[in-house]
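Derivation of every value follows stated rules applied to the coordinates shown; laboratory data play no part. Keep in mind that what you see is a predicted model, and the values were worked out from it rather than measured. So basically every Cβ, Gly included, is an ideal-geometry build from the backbone, and we count neighbours across all protein chains shown.
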Amino acid sequence: MAIESMALLMEAGKERDLFDIILESDCRERGATRGDSLSRMSMLYAAMRRSGEGYDPSLRSGSGMVGGDGARMRAYAASGKTICGEYIGSVLAQALEMGESNACMKCIVAAPTAGSCGVLPAVLLPYQVREQLDDETMVRALYIAGAVGQIIAEKASIAGAAGGCQAEIGTASAMGAAALCYLAGGDAQAVCHAAAIAIKSLLGLVCDPIAGLVEVPCVKRNAAGAMIAMSSAEMALAGIRSAVPPDEVIAAMREVGDKMDVSLRETGIGGIAGTPFGQTIAGKMAGQAL
């Protein structure tokens, strides 16, 4: 079965585990063996873990706007004085650390893009530690995330330049919600509706990076995307469903992206990029490039 829609995924998931369905589809599409597919996905997850472990709080981005916040958040999470508790704090810290690593030119895993690289690791890595899950289980969840990302890429977009940040952070949040829901025992219906709820929560999010750099507001949006992924998974696991079918939600995502003004699609012109502060930074960066 080709992974062409959420509806097909939900229907097929009534009879079989989603992981098996998606793995078989990947093998068929790429002409790969089961072992080859699993090995490739295992390497991606291992790289994601290395990226998380390789965070350097002393690094600063080229503009100087980004760096060190992940360490600040992690220290605060361990202080025992947080609003949401240490676990949520660790999720936020992981998202910030990954986003900062990307801005500081460290190795990251695009999931689905570099600008949204912090959402999926933030959802998965702390959960693995807390639940004491093995890597094989986490790799299975990556297949679920990948299938959701593939459907969105084909039916809408995963590029900020084409569909705004809803296409990047929105897709990453949907992927994270689906993967987390699957890990927590959600069935195919819950998994797909978790993704739909996440997309709806970020529908219309513009892509407005200052000076065109994947730094501000991108890094902190990874933390927000991780939180929406978690809340969406929790709602789906509670039996809450998206009133609008998941495929229709994705279609709406495409429509919104198509109607979004070009100034709000990764051009560094509108939104946060268009503020006096943003334009000042853009001018400084342009001067340095000369």
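List of remarks:
- By the Cβ distance rule of under 4.7 Å, the chain has these cysteines without a partner: 27, 84, 104, 107, 117, 181, 192, 218.
- Residue 137-residue 53 pseudo-label distance in nm [points 7 Å out on the Cα-to-Cβ vector]: 1.9
- Percentage, to the nearest whole number, of Cα pairs in the stretch 114-166 over 12 Å apart: 70
- ³J(HN,Hα), Karplus 6.51/-1.76/1.60, whole Hz, each residue of the stretch 252-268, x for Gly, Pro: 5, 4, 5, 4, 4, x, 5, 8, 5, 4, 4, 5, 10, 10, 6, 9, x
- Restricting the GluC sites (Glu not before Pro) of the stretch 15-103 to loop positions (DSSP other than H, G, I, E, B) with no more than 15 neighbouring Cβ atoms within 10 Å leaves 15.
- The phi torsions of the stretch 48-62, fed into the Karplus equation with coefficients 6.51, -1.76 and 1.60 and a -60° offset, translate into couplings of 5, 5, 4, 4, x, 6, x, 4, 10, x, 7, 6, 10, 5, x Hz, rounded to whole numbers, with Gly and Pro shown as x.
- Taking Cα centre as origin and charging only the Cβ of basic (Lys, Arg, +1) and acidic (Asp, Glu, -1) residues, the dipole magnitude of the chain rounds to 700 debye.
- The stretch 154-198 - Debye-derived log10 I(q)/I(0), Cα point model, q = 0.13, 0.18 Å⁻¹: -0.29, -0.51
- When the stretch 92-139 is reduced to its Cα atoms, the Kirkwood hydrodynamic radius in Å: 11.0
- The stretch 170-290 gives an Rg/Rh value of 1.10, both radii derived from C-alpha positions and Rh following Kirkwood.
- Nitroxide proxy distance, nm - points 7 Å out along Cα→Cβ at residue 248 and residue 24: 3.0
- MRE, 222 nm, helices only [DSSP H, n ≥ 4, -39500 (n - 2.57), over the chain, to nearest 500]: -20500 deg cm²/dmol
- Each pair of Cα atoms in the stretch 126-215 enters the Kirkwood radius, and Stokes-Einstein at 4 °C and 1.567 mPa s then converts it into a translational diffusion coefficient of 95 µm²/s.
- Among 110, 95, 195: highest mean-square fluctuation, GNM of the chain, C-alpha pairs under 10 Å: 110
- Close Lys pairs in the stretch 6-289 (alpha-carbon distance under 26 Å; sequence gap of 8 or more, or different chains): 11.
- Counting only the Cα atoms, the stretch 78-166 fills a convex hull of 119 Å³ per residue.
- Relative contact order (%) - criterion: Cα under 8 Å, at least six apart; region: the chain: 19
- Here the stretch 89-166 and the stretch 1-30 have alpha carbon centers that stand 21 Å from each other.
- Applying 1/(1 + (r/R0)^6) with R0 = 22 Å to the Cβ-Cβ distance of residue 7 and residue 231 gives a FRET efficiency near 0.40.
- In degrees, nearest ten, helix 119-131 long axis to first principal axis of the chain (Cα): 60
- FRET efficiency estimate (nearest 0.05) - Cβ-Cβ, residue 16 to residue 40, R0 22 angstrom: 0.50
- Look at where the Cα atoms of the stretch 225-271 and of the stretch 192-215 average out, and the two centres are 6 Å apart.
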